[in-house]
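Encoded as structure tokens, the structure appears first; notes follow it.
Just so it is clear, none of the values below were taken in a lab; they were calculated from the coordinates. What you see is a predicted model, and the numbers here were worked out from it, not measured in a lab. Here the Cβ positions follow ideal geometry from the backbone for every residue, glycine too, while neighbour counts run over all protein chains shown.
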Amino acid sequence: MERLCVKVKKRFGEPVRQALAEMDLLDNSYRLSADDDCLYVPVMDECPEDVCSNLPHVAELVKHDLQPNKKQITPENLLGFSPSFEIVGDIAILDG
């Protein structure tokens, strides 16, 4: 799926990703993508056009084809609550 991304050289990827996360512009619902020498970091649709001027390294705002992140199914998601347990000796006490 084509999404709005920040294109940056691979060696500058982590500082740019951290800066976008601090600005609450990083879109974690999509995976980062890479080609030979560039990294594509997904950003929110509301991302301002001048975001690249506020980043620590040279970057460019582009559209790129990205894959969505797959959500991991957790017991909390299945049950609707967070199960917990305690172990006392050989006995497990379940709390639900």
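Given 86, 2, which one is surrounded by fewer than 12 Cβ atoms within 10 Å (Cβ to Cβ) and without any contact (Cβ under 8 Å) to a residue 40 or more places away in the chain?
Details: 2 fails: without any contact (Cβ under 8 Å) to a residue 40 or more places away in the chain.
Unique residue meeting the criteria: 86.
For segment 13-37, what are the residues that are surrounded by fewer than 17 Cβ atoms within 10 Å (Cβ to Cβ) and more than 16 Å from residue 69 (Cβ to Cβ)?
Those that are surrounded by fewer than 17 Cβ atoms within 10 Å (Cβ to Cβ) and more than 16 Å from residue 69 (Cβ to Cβ): 14, 15, 18, 22, 23, 24, 35, 36, 37.
Pairs, please: C-beta under 9 Å, at least 6 apart or cross-chain, first residue without any contact (Cβ under 8 Å) to a residue 12 or more places away in the chain and in segment 52-66, second of a type in the set (S, T, N, Q)?
Pairs found: none.
If we scan segment 39-48, do we find a residue that is touching a Gly at 6+ places or on another chain (Cβ under 9 Å) and in a strand (DSSP E or B)?
In the first step, residues of segment 39-48 are kept if they are touching a Gly at 6+ places or on another chain (Cβ under 9 Å); the result is 39, 41.
Pick out the ones that are also in a strand (DSSP E or B) and you get 39, 41.
Yes; the residues of segment 39-48 include at least one that is touching a Gly at 6+ places or on another chain (Cβ under 9 Å) and in a strand (DSSP E or B).
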